[in-house]
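Working notes for the structure below.
The values are calculated or read from the model by the stated rules, or taken from the named source; none is laboratory data. Because the structure is predicted, anything quoted here is derived from the model rather than measured. Here the Cβ is made from the backbone with ideal geometry for all residues, glycine too, and neighbour counts use every protein chain on show. Side chains are part of the model used for accessible areas, which takes the heavy atoms of the whole protein and leaves out ligands, DNA and RNA. Shrake-Rupley method; radii C 1.70, N 1.55, O 1.52, S 1.80 Å.
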Amino acid sequence: MKKISSIAGIVAVVLALAACSSKQETTYETAIVERGNISTSVTATGTIEPVTSVEVGTQVSGIVSHIYVDYNSVVTAGQIIAELDKTNLISELETSRANLTSAESNLQYQKANYDRYKQLYDKGLISANDYEQARLSYVQAQQQVTTAWQSVKRAETNLGYATITSPINGVVLSKAVEEGQTVAASFSTPTLFTIAQDLTDMRVIADIDEADIGDVRDGQRVTFTVDAFPDDVFEGNVTQVRQQPTTESNVVTYEVVISAPNTDLKLKPGLTANVTIFTLEKNNVLTVPAKALRFSPSEALMAEDETITDCEGRNKLWVKKGKEFKAIPVEIGVTNGNLTEIISGVDAGTEVLADIVFGEVEEESAQGNSNPFMPQPKNNNKDKKK
């Protein structure tokens, strides 16, 4: 027990001597008020896609008999890109036309019969019931002609649907069928091709977190990169902030549409874009580190001959002139957390205080190291005398 107490005492003496051999030195970190740029940004990922793309399908079922385009084919509006087998459709059209002819013949007969019965009825030679029956048959014949005519129009339209044409000028991005394949349009329209209108005008659909969406506005500048060209930085602008939220794993995001000019055709549909949206940008303004506005001198750390001259103002910067700490009221603008805009109060080039720096200065006695527990240098004089 006595041995432990003696060791603790030695340690205490060592620490005390070490404390006496040094003292705290207070210095101040300064910053220069200078012109610069202030910006804040939001980062996200998105997918590159054409501004306008059309999925081309078919409204009739049948066998694909001819395909005239392939991937990356350039097409124009109205150009035939595929055809379905038309045998059954032509048969349906001929049947509809035959039914129309039969209905028209029946109409002519019923009209003539109605005219005879009307003359006889006017002369009182037939009953009202016979007359009404003839009139009803004539009206029904007229309706049958109308129905048959509509069937012909429908058959002609279906036959036209068997010829697939491009609805827009563009480039074929995908082809989902081959010649000889059967497509069924009974319940939904099958997609045969996807055509992009203009690959030189692309867009990015980015998913922005709900915590950041409040700062995103139309027209803001955007830069983005893609893994295919890691050294290239592409630029665009926010064109639309969509209001429909998407929730996945309890994370709410909103889609933001970004323009992506693609004159050199480097950007391809489906690429993942790493997006930076600049929600705040002010260029060539007076700036100062934000921590300088939080600085305030402490009387406890000041020398006896140093003084403080404060001022009225919500925001202030401090300068040190000789032994005087002087506050300067300033008007501030925007901030990004690191830099703050100075609207008025100080000029460019002003050196202001930003932080307090603590350091230690070692003190040595006239005889060198005063710590008795430190190893002493060897005295070689004795060896030389020997």
The stretch 188-235: equivalent-ellipsoid semi-axes (sqrt of 5 x gyration tensor eigenvalues, Cα, Å): 28, 19, 12
field: Volume in Å³ per residue [convex hull over Cα atoms, computed for the stretch 70-129]
entry: 149 Å³
message: Only four residue types carry charge here, +1 at the Cβ of Lys and Arg and -1 at the Cβ of Asp and Glu. Report the dipole size of the stretch 240-293 about the Cα centre in Debye, rounded to the nearest 20.
response: 140 debye
- prompt: Where the only charges are on Cβ atoms (+1 Lys, Arg; -1 Asp, Glu), what is the dipole of the chain about its Cα centre, to the nearest 20 debye?
  reply: 700 debye
message: What are the membrane-span-like helices in the chain by this rule: whole DSSP H runs, Cα extent along the axis at least 15 Å, mean Kyte-Doolittle hydropathy at least 1.0?
response: 2-20
message: Below 8 Å, C-alpha to C-alpha, sequence gap of six or more: please give me the relative contact order for the chain in percent.
response: 28 percent
- prompt: Taking square-rooted eigenvalues a ≥ b ≥ c of the alpha carbon gyration tensor, is the stretch 181-340 rounded, prolate or oblate, where a/c under 1.5 means rounded and, failing that, a/b exceeding b/c means prolate?
  reply: prolate
task: Within the stretch 183-216, which residues have the backbone N less than 20 Å from the label spot 7 Å out from residue 85 along Cα→beta-carbon, could you tell me?
output: 183-187, 190-192
message: Please list, ordered by chain and number, the residues whose modelled amide H lies under 5 Å from the amide H of residue 45; skip anything fewer than 5 residues away on the same chain.
response: 207, 275
field: Sites residue 305 and residue 334, calculated FRET efficiency, Cβ-Cβ separation with R0 51 Å, nearest 0.05
entry: 0.80
query: If each of residue 185 and residue 97 carries a label point 7 Å out from its Cα toward its Cβ, how far apart are those two points in nm?
result: 2.1 nm
task: Report residue 109's accessible area, 1.4 Å probe, all protein chains in place, as a number in Å² to the nearest 10.
output: 130 Å²
task: Enter the accessible area of residue 217 (Å², nearest 10), with the probe set to 1.4 Å and all protein chains included.
output: 130 Å²
- prompt: For the stretch 86-211, which whole-number percentage of the solvent-accessible area (1.4 Å probe, protein heavy atoms only) is attributable to carbon and sulfur atoms?
  reply: 47 percent
Accessible surface, 1.4 Å probe, highest first, among residues 149, 318: 149, 318
- prompt: Mind listing the Cα extents of the stretch 37-172 along all three principal axes, in Å, largest one first?
  reply: 103, 45, 20
field: Accessible solvent surface per residue of the stretch 272-355, calculated while the other protein chains remain in place, 1.4 angstrom probe, Å²
entry: 55 Å²
